[in-house]
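Written below as C-alpha coordinates is the structure these notes are about.
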Amino acid sequence: MKACTILVLLTVVMASSLACSHETSAHASATTNSEPAVPASAKSEMTDATEASASAAPAPAAADSAPLPHIDAKRAFEYTREVTAFGERYMGNENHKKLERYILDHLKGDQVEDDAFTADTVEGKFPVRNIIDKFPGTKDGIIVIMGHYDTNYWLRGTGYVGANDGGSSTAILLEFANQLRGARTGDSASPKKRDGYSVWLVWTDGEEAVKTWTETDSLYGTRHLAEKWEKDGTLKKIKALMVMDMIGDADLDIIRNTNGTSWLLDLIYTAAERMGYQSHFYALQGPIEDDHLPFYNRGVPSADVIDLDYGYHNVFHHTPQDTMDKLSPKSLEISGDTILETVHLLDQR
Ligand code: ZN
(Lines give C-alpha, C1' and ligand atoms only; values in the text may rest on other atoms or scores of the structure.)
Protein backbone atom coordinates (compact mmCIF):
# COMPACT_ATOMS: atom_id res chain seq x y z
CA MET A 1 0.00 0.00 0.00
CA LYS A 2 0.19 2.37 -0.33
CA ALA A 3 -1.41 4.57 -0.82
CA CYS A 4 0.39 6.87 -2.02
CA THR A 5 3.23 5.27 -1.91
CA ILE A 6 5.21 6.70 -0.03
CA LEU A 7 8.23 7.81 1.04
CA VAL A 8 7.17 8.99 4.14
CA LEU A 9 8.61 12.28 3.96
CA LEU A 10 7.93 13.72 7.20
CA THR A 11 8.26 17.30 6.72
CA VAL A 12 7.10 19.64 9.22
CA VAL A 13 4.89 21.72 7.27
CA MET A 14 2.62 24.34 8.12
CA ALA A 15 0.52 23.31 5.66
CA SER A 16 -2.54 22.07 5.24
CA SER A 17 -2.34 19.40 2.90
CA LEU A 18 0.28 17.79 1.16
CA ALA A 19 -1.27 14.98 -0.39
CA CYS A 20 0.49 12.21 -1.69
CA SER A 21 0.98 12.91 -5.14
CA HIS A 22 3.39 10.78 -6.83
CA GLU A 23 4.37 7.38 -7.24
CA THR A 24 6.36 7.13 -4.27
CA SER A 25 5.10 9.43 -2.00
CA ALA A 26 2.64 9.49 0.48
CA HIS A 27 3.49 12.51 2.22
CA ALA A 28 2.92 12.65 5.81
CA SER A 29 3.35 16.05 7.23
CA ALA A 30 3.44 16.89 10.83
CA THR A 31 1.02 19.54 11.71
CA THR A 32 2.97 21.27 14.32
CA ASN A 33 3.74 24.69 13.08
CA SER A 34 6.53 25.77 15.30
CA GLU A 35 9.26 24.37 13.15
CA PRO A 36 10.67 25.37 9.82
CA ALA A 37 9.68 23.43 6.78
CA VAL A 38 12.61 21.13 6.59
CA PRO A 39 12.80 17.44 6.39
CA ALA A 40 12.78 16.61 10.01
CA SER A 41 13.83 13.52 11.72
CA ALA A 42 11.04 11.19 12.44
CA LYS A 43 11.83 11.33 16.06
CA SER A 44 11.32 14.97 16.59
CA GLU A 45 8.10 14.85 14.70
CA MET A 46 6.88 11.93 16.59
CA THR A 47 7.11 13.77 19.80
CA ASP A 48 5.22 16.73 18.55
CA ALA A 49 2.51 14.74 16.93
CA THR A 50 2.03 12.62 19.96
CA GLU A 51 1.46 15.64 22.11
CA ALA A 52 -0.96 17.03 19.63
CA SER A 53 -3.04 13.93 19.35
CA ALA A 54 -2.97 13.24 23.05
CA SER A 55 -4.64 16.51 23.75
CA ALA A 56 -7.26 15.81 21.14
CA ALA A 57 -7.98 12.26 22.18
CA PRO A 58 -11.21 11.66 24.05
CA ALA A 59 -11.29 10.12 27.45
CA PRO A 60 -11.26 6.35 27.30
CA ALA A 61 -14.72 4.89 27.00
CA ALA A 62 -16.23 3.53 30.15
CA ALA A 63 -14.94 0.08 30.87
CA ASP A 64 -17.27 -2.75 30.08
CA SER A 65 -17.13 -6.38 30.94
CA ALA A 66 -16.51 -7.69 27.45
CA PRO A 67 -13.21 -9.48 27.11
CA LEU A 68 -10.61 -7.66 25.04
CA PRO A 69 -10.11 -9.13 21.57
CA HIS A 70 -7.16 -11.33 20.88
CA ILE A 71 -6.34 -12.45 17.36
CA ASP A 72 -4.14 -15.44 16.64
CA ALA A 73 -1.07 -13.44 15.65
CA LYS A 74 1.03 -16.46 14.76
CA ARG A 75 -1.62 -17.61 12.33
CA ALA A 76 -1.93 -14.11 10.86
CA PHE A 77 1.84 -14.00 10.43
CA GLU A 78 1.77 -17.36 8.68
CA TYR A 79 -0.91 -16.05 6.33
CA THR A 80 1.35 -13.10 5.56
CA ARG A 81 4.18 -15.50 4.76
CA GLU A 82 1.98 -17.58 2.47
CA VAL A 83 0.59 -14.56 0.65
CA THR A 84 4.07 -13.11 0.18
CA ALA A 85 5.34 -16.45 -1.13
CA PHE A 86 3.13 -16.05 -4.21
CA GLY A 87 5.53 -13.33 -5.34
CA GLU A 88 4.48 -10.20 -7.22
CA ARG A 89 0.69 -9.99 -7.39
CA TYR A 90 -0.27 -7.18 -9.68
CA MET A 91 -3.79 -7.00 -11.12
CA GLY A 92 -4.55 -9.99 -13.29
CA ASN A 93 -1.21 -11.78 -13.25
CA GLU A 94 -0.99 -15.49 -12.54
CA ASN A 95 0.13 -15.02 -8.93
CA HIS A 96 -2.77 -12.64 -8.37
CA LYS A 97 -5.16 -15.33 -9.59
CA LYS A 98 -3.58 -17.85 -7.23
CA LEU A 99 -3.99 -15.40 -4.39
CA GLU A 100 -7.66 -14.84 -5.25
CA ARG A 101 -8.19 -18.57 -4.94
CA TYR A 102 -6.20 -18.66 -1.71
CA ILE A 103 -8.38 -15.95 -0.17
CA LEU A 104 -11.62 -17.55 -1.35
CA ASP A 105 -10.51 -20.94 -0.02
CA HIS A 106 -10.26 -19.37 3.42
CA LEU A 107 -13.77 -17.94 3.18
CA LYS A 108 -15.67 -21.12 2.36
CA GLY A 109 -19.11 -21.12 3.92
CA ASP A 110 -19.11 -17.34 4.34
CA GLN A 111 -21.35 -14.86 2.55
CA VAL A 112 -18.90 -13.78 -0.13
CA GLU A 113 -19.46 -11.36 -3.00
CA ASP A 114 -17.31 -10.11 -5.82
CA ASP A 115 -17.01 -6.67 -7.27
CA ALA A 116 -15.22 -7.47 -10.52
CA PHE A 117 -14.66 -5.20 -13.49
CA THR A 118 -12.05 -4.15 -16.03
CA ALA A 119 -9.95 -1.08 -15.31
CA ASP A 120 -8.75 1.04 -18.16
CA THR A 121 -5.32 2.35 -17.21
CA VAL A 122 -2.36 4.11 -18.75
CA GLU A 123 -0.75 0.68 -19.07
CA GLY A 124 -3.78 -0.94 -20.66
CA LYS A 125 -6.75 -2.88 -19.36
CA PHE A 126 -6.56 -4.93 -16.19
CA PRO A 127 -9.09 -7.20 -14.48
CA VAL A 128 -9.92 -5.92 -10.99
CA ARG A 129 -11.65 -7.94 -8.30
CA ASN A 130 -12.66 -6.74 -4.87
CA ILE A 131 -13.66 -9.61 -2.59
CA ILE A 132 -16.29 -8.90 0.06
CA ASP A 133 -16.98 -11.19 3.03
CA LYS A 134 -20.15 -10.25 4.94
CA PHE A 135 -20.87 -11.01 8.57
CA PRO A 136 -24.45 -9.92 9.31
CA GLY A 137 -25.16 -8.34 12.67
CA THR A 138 -28.15 -7.74 14.91
CA LYS A 139 -27.86 -3.94 14.64
CA ASP A 140 -28.86 -1.87 11.67
CA GLY A 141 -25.72 -0.57 9.99
CA ILE A 142 -22.43 -1.77 8.58
CA ILE A 143 -18.82 -1.51 9.70
CA VAL A 144 -16.42 -2.00 6.78
CA ILE A 145 -12.80 -3.09 7.18
CA MET A 146 -10.62 -3.06 4.07
CA GLY A 147 -7.15 -4.05 3.04
CA HIS A 148 -5.59 -4.33 -0.40
CA TYR A 149 -4.11 -7.54 -1.77
CA ASP A 150 -2.50 -6.37 -5.00
CA THR A 151 1.12 -5.35 -5.52
CA ASN A 152 2.41 -2.70 -7.92
CA TYR A 153 2.48 -3.35 -11.65
CA TRP A 154 5.33 -0.86 -12.02
CA LEU A 155 7.46 -2.94 -9.65
CA ARG A 156 7.03 -6.12 -11.70
CA GLY A 157 10.20 -8.01 -12.41
CA THR A 158 12.16 -6.31 -9.64
CA GLY A 159 11.80 -9.08 -7.10
CA TYR A 160 9.23 -7.04 -5.20
CA VAL A 161 6.93 -9.20 -3.06
CA GLY A 162 5.15 -6.66 -0.83
CA ALA A 163 5.26 -8.56 2.46
CA ASN A 164 4.06 -5.55 4.42
CA ASP A 165 2.46 -3.61 1.58
CA GLY A 166 -0.25 -5.95 0.41
CA GLY A 167 0.78 -9.05 2.34
CA SER A 168 0.03 -7.91 5.88
CA SER A 169 -3.29 -6.32 4.91
CA THR A 170 -4.45 -9.48 3.12
CA ALA A 171 -3.48 -11.58 6.11
CA ILE A 172 -5.01 -9.49 8.87
CA LEU A 173 -8.36 -9.57 7.09
CA LEU A 174 -8.17 -13.36 6.81
CA GLU A 175 -7.59 -13.48 10.56
CA PHE A 176 -10.45 -11.05 11.16
CA ALA A 177 -12.67 -13.44 9.19
CA ASN A 178 -11.63 -16.26 11.54
CA GLN A 179 -12.45 -14.12 14.57
CA LEU A 180 -15.79 -12.93 13.23
CA ARG A 181 -16.77 -16.45 12.17
CA GLY A 182 -16.03 -17.74 15.65
CA ALA A 183 -18.01 -14.96 17.35
CA ARG A 184 -21.29 -15.51 15.58
CA THR A 185 -24.23 -16.65 17.63
CA GLY A 186 -27.39 -18.42 16.60
CA ASP A 187 -27.97 -21.92 15.38
CA SER A 188 -28.70 -23.68 12.14
CA ALA A 189 -32.37 -22.79 12.36
CA SER A 190 -31.70 -19.08 12.33
CA PRO A 191 -29.13 -17.07 10.46
CA LYS A 192 -25.98 -16.68 12.42
CA LYS A 193 -25.42 -13.10 13.34
CA ARG A 194 -22.83 -11.22 15.32
CA ASP A 195 -24.00 -9.22 18.28
CA GLY A 196 -23.61 -5.71 16.87
CA TYR A 197 -23.42 -4.09 13.46
CA SER A 198 -22.82 -6.12 10.35
CA VAL A 199 -19.14 -6.28 9.53
CA TRP A 200 -17.99 -6.48 5.94
CA LEU A 201 -14.39 -7.36 5.18
CA VAL A 202 -13.14 -6.20 1.80
CA TRP A 203 -9.95 -7.41 0.14
CA THR A 204 -9.46 -4.55 -2.26
CA ASP A 205 -7.73 -4.83 -5.61
CA GLY A 206 -5.93 -2.25 -7.72
CA GLU A 207 -5.07 -0.02 -4.82
CA GLU A 208 -1.62 0.55 -6.24
CA ALA A 209 -0.83 2.76 -9.19
CA VAL A 210 0.16 0.96 -12.39
CA LYS A 211 2.63 3.72 -13.26
CA THR A 212 2.61 6.87 -11.17
CA TRP A 213 0.28 7.71 -8.31
CA THR A 214 -2.38 10.19 -9.40
CA GLU A 215 -6.08 10.55 -8.80
CA THR A 216 -6.80 8.43 -11.84
CA ASP A 217 -3.88 6.03 -11.51
CA SER A 218 -4.59 4.54 -8.06
CA LEU A 219 -7.41 3.13 -5.97
CA TYR A 220 -8.99 1.36 -8.95
CA GLY A 221 -10.95 -1.11 -6.86
CA THR A 222 -12.23 1.23 -4.19
CA ARG A 223 -13.14 4.01 -6.61
CA HIS A 224 -15.34 1.48 -8.41
CA LEU A 225 -16.80 0.08 -5.20
CA ALA A 226 -17.59 3.49 -3.72
CA GLU A 227 -19.46 4.46 -6.85
CA LYS A 228 -21.38 1.20 -6.83
CA TRP A 229 -22.25 1.54 -3.14
CA GLU A 230 -23.32 5.11 -3.66
CA LYS A 231 -25.76 4.03 -6.37
CA ASP A 232 -27.24 1.08 -4.49
CA GLY A 233 -27.60 2.96 -1.19
CA THR A 234 -25.00 0.96 0.75
CA LEU A 235 -22.91 4.02 1.58
CA LYS A 236 -25.66 5.48 3.76
CA LYS A 237 -25.67 2.35 5.91
CA ILE A 238 -21.95 2.43 6.69
CA LYS A 239 -21.32 3.54 10.28
CA ALA A 240 -17.55 3.42 9.95
CA LEU A 241 -14.96 2.30 7.41
CA MET A 242 -11.40 1.41 8.32
CA VAL A 243 -8.50 0.55 6.03
CA MET A 244 -5.58 -1.59 7.19
CA ASP A 245 -2.33 -1.03 5.34
CA MET A 246 1.32 -1.86 6.07
CA ILE A 247 0.47 -2.88 9.62
CA GLY A 248 3.03 -5.69 9.89
CA ASP A 249 6.12 -3.47 10.34
CA ALA A 250 8.09 -4.84 13.30
CA ASP A 251 8.73 -1.25 14.37
CA LEU A 252 5.07 -0.34 14.38
CA ASP A 253 4.03 3.28 14.41
CA ILE A 254 0.59 3.93 13.03
CA ILE A 255 0.28 7.42 11.63
CA ARG A 256 -2.71 9.55 12.43
CA ASN A 257 -3.80 9.98 8.85
CA THR A 258 -5.51 13.34 8.90
CA ASN A 259 -7.32 12.39 5.69
CA GLY A 260 -9.92 10.82 7.93
CA THR A 261 -12.81 11.34 10.32
CA SER A 262 -11.65 12.77 13.64
CA TRP A 263 -14.04 10.95 15.93
CA LEU A 264 -13.15 7.60 14.33
CA LEU A 265 -9.43 8.30 14.55
CA ASP A 266 -9.94 9.17 18.21
CA LEU A 267 -11.99 6.04 18.82
CA ILE A 268 -9.18 3.90 17.38
CA TYR A 269 -6.78 5.61 19.78
CA THR A 270 -9.16 4.93 22.66
CA ALA A 271 -9.27 1.26 21.65
CA ALA A 272 -5.46 1.20 21.54
CA GLU A 273 -5.36 2.68 25.04
CA ARG A 274 -7.70 0.03 26.33
CA MET A 275 -5.31 -2.61 24.98
CA GLY A 276 -2.21 -0.82 26.29
CA TYR A 277 -1.00 -0.28 22.72
CA GLN A 278 -1.26 3.48 22.46
CA SER A 279 2.47 4.05 22.15
CA HIS A 280 2.23 2.53 18.65
CA PHE A 281 -0.33 5.07 17.53
CA TYR A 282 -0.22 8.61 16.26
CA ALA A 283 3.32 9.68 17.08
CA LEU A 284 3.29 10.85 13.48
CA GLN A 285 0.49 12.51 11.63
CA GLY A 286 -0.26 13.85 8.21
CA PRO A 287 -2.53 13.40 5.19
CA ILE A 288 -2.10 10.17 3.27
CA GLU A 289 -4.06 8.89 0.31
CA ASP A 290 -5.31 5.35 0.57
CA ASP A 291 -8.28 3.09 -0.11
CA HIS A 292 -10.58 4.93 2.31
CA LEU A 293 -10.54 8.12 0.22
CA PRO A 294 -13.30 7.31 -2.30
CA PHE A 295 -15.60 6.67 0.68
CA TYR A 296 -14.33 9.48 2.90
CA ASN A 297 -14.84 11.92 0.05
CA ARG A 298 -18.47 10.77 -0.15
CA GLY A 299 -19.09 11.49 3.52
CA VAL A 300 -18.55 8.01 5.00
CA PRO A 301 -16.85 8.12 8.43
CA SER A 302 -13.46 6.70 7.51
CA ALA A 303 -9.99 6.06 8.89
CA ASP A 304 -6.81 4.66 7.40
CA VAL A 305 -4.74 2.57 9.76
CA ILE A 306 -1.29 2.72 8.20
CA ASP A 307 2.37 2.69 9.18
CA LEU A 308 4.13 4.77 6.59
CA ASP A 309 7.39 4.84 8.43
CA TYR A 310 8.58 1.45 7.23
CA GLY A 311 12.25 1.42 8.02
CA TYR A 312 14.08 4.63 8.75
CA HIS A 313 12.57 7.29 6.50
CA ASN A 314 10.30 4.63 4.99
CA VAL A 315 13.21 3.15 3.05
CA PHE A 316 11.68 -0.31 2.60
CA HIS A 317 8.43 0.92 1.12
CA HIS A 318 7.90 -0.12 -2.50
CA THR A 319 11.30 -1.78 -2.70
CA PRO A 320 12.38 -5.42 -2.98
CA GLN A 321 13.36 -5.02 0.68
CA ASP A 322 9.70 -5.21 1.71
CA THR A 323 10.16 -8.77 2.94
CA MET A 324 9.02 -10.97 5.83
CA ASP A 325 12.09 -10.36 7.97
CA LYS A 326 10.96 -6.75 8.50
CA LEU A 327 7.63 -7.85 10.01
CA SER A 328 6.53 -9.28 13.32
CA PRO A 329 3.50 -11.20 14.62
CA LYS A 330 3.34 -8.71 17.49
CA SER A 331 2.62 -5.85 15.13
CA LEU A 332 -0.22 -7.78 13.52
CA GLU A 333 -1.52 -8.44 17.02
CA ILE A 334 -1.31 -4.79 18.06
CA SER A 335 -3.04 -3.44 14.98
CA GLY A 336 -5.48 -6.33 14.70
CA ASP A 337 -6.59 -6.34 18.33
CA THR A 338 -6.94 -2.57 18.31
CA ILE A 339 -9.22 -2.59 15.29
CA LEU A 340 -11.37 -5.42 16.67
CA GLU A 341 -11.66 -3.45 19.92
CA THR A 342 -12.65 -0.42 17.85
CA VAL A 343 -15.41 -2.55 16.29
CA HIS A 344 -16.54 -3.43 19.82
CA LEU A 345 -16.65 0.26 20.77
CA LEU A 346 -18.54 1.06 17.57
CA ASP A 347 -21.10 -1.63 18.37
CA GLN A 348 -21.89 0.23 21.58
CA ARG A 349 -22.54 3.54 19.93
ZN1 ZN B 1 2.03 0.32 -1.91
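Kindly indicate which of 290, 307, 322 is in contact (Cβ under 8 Å) with a residue 40 or more places away in the chain and either within 14 Å of residue 144 (Cβ to Cβ) or of a type in the set (Phe, Trp, Tyr) (or both).
Details: 307 fails: either within 14 Å of residue 144 (Cβ to Cβ) or of a type in the set (Phe, Trp, Tyr) (or both); 322 fails: either within 14 Å of residue 144 (Cβ to Cβ) or of a type in the set (Phe, Trp, Tyr) (or both).
Checking each option against the conditions leaves just 290.
Screening the candidates 163, 177 for the property of being touching a residue at least 60 places away in the same chain (Cβ under 8 Å) and more than 20 Å from residue 69 (Cα to Cα) yields one hit, 163.
What number of residues within the range 114-135 are closer than 22 Å to residue 301 by Cβ and surrounded by fewer than 19 Cβ atoms within 10 Å (Cβ to Cβ)? Going through the range 114-135 one residue at a time, the tally reaches 2. Regarding residue 198, is this residue of a type in the set (S, T, N, Q) and in a strand (DSSP E or B)? Taking the combined requirement at face value, the residue satisfies it.
Mind checking whether some residue in the range 318-331 is within 16 Å of the ligand (Cβ to nearest atom), over 30 Å from residue 231 (Cα atoms) and either assigned to a strand (DSSP E or B) or aliphatic (A, V, I, L, M) (or both)? Yes, that holds for at least one residue.
Against the definition (at pLDDT 95 or above, within 16 Å of the ligand (Cβ to nearest atom), surrounded by 21 or more Cβ atoms within 10 Å (Cβ to Cβ) and not in a loop (DSSP other than H, G, I, E, B)), how does residue 169 come out, yes or no?
Numbers: at pLDDT 95 or above: yes; within 16 Å of the ligand (Cβ to nearest atom): yes; surrounded by 21 or more Cβ atoms within 10 Å (Cβ to Cβ): yes; not in a loop (DSSP other than H, G, I, E, B): yes.
In short, yes.
Against the numbered list (1) on the phi > 0 side of the Ramachandran plot; (2) surrounded by fewer than 24 Cβ atoms within 10 Å (Cβ to Cβ); (3) in contact with a His (Cβ under 8 Å, 6 or more places away or on another chain), residue 252 comes up short only at (1). Within the option set 158, 138, 151, being over 30 Å from residue 345 (Cα atoms) and surrounded by fewer than 19 Cβ atoms within 10 Å (Cβ to Cβ) holds for one residue only, 158. Among the conditions (1) farther than 20 Å from residue 71 by Cβ; (2) within 16 Å of the ligand (Cβ to nearest atom), residue 125 misses just one, which is (2). Here the range 143-166 is the region considered, the condition is being over 23 Å from residue 328 (Cα atoms) and not in a strand (DSSP E or B), and the residue that is nearest to the ligand (Cβ to nearest atom) is 155.
Kindly check whether there is at least one residue in the range 111-132 that is among the basic types (Lys, Arg), more than 26 Å from residue 342 (Cβ to Cβ) and assigned to a strand (DSSP E or B). Yes, that holds for at least one residue.
The set of residues from the range 82-106 being out of contact with any His (no Cβ under 9 Å at 6 or more places or on another chain), of a type in the set (A, V, I, L, M, F, W, C) and buried (at least 18 other Cβ atoms within 10 Å of the Cβ) comprises 83, 91, 99, 103. Hey, any hits in the range 193-200 for a residue that's at pLDDT below 95 and of a type in the set (S, T, N, Q)? Looking through the range 193-200, none of the residues is at pLDDT below 95 and of a type in the set (S, T, N, Q). Just one residue in the set 186, 137 is away from the ligand (no atom under 16 Å from the Cβ) and at pLDDT below 95; that residue is 186.
The values are calculated or read from the model by the stated rules, or taken from the named source; none is laboratory data. Remember, it's a predicted structure, so these values are computed and weren't measured experimentally. Cβ: placed from backbone, ideal geometry, glycine included. Neighbour counts: every protein chain shown.
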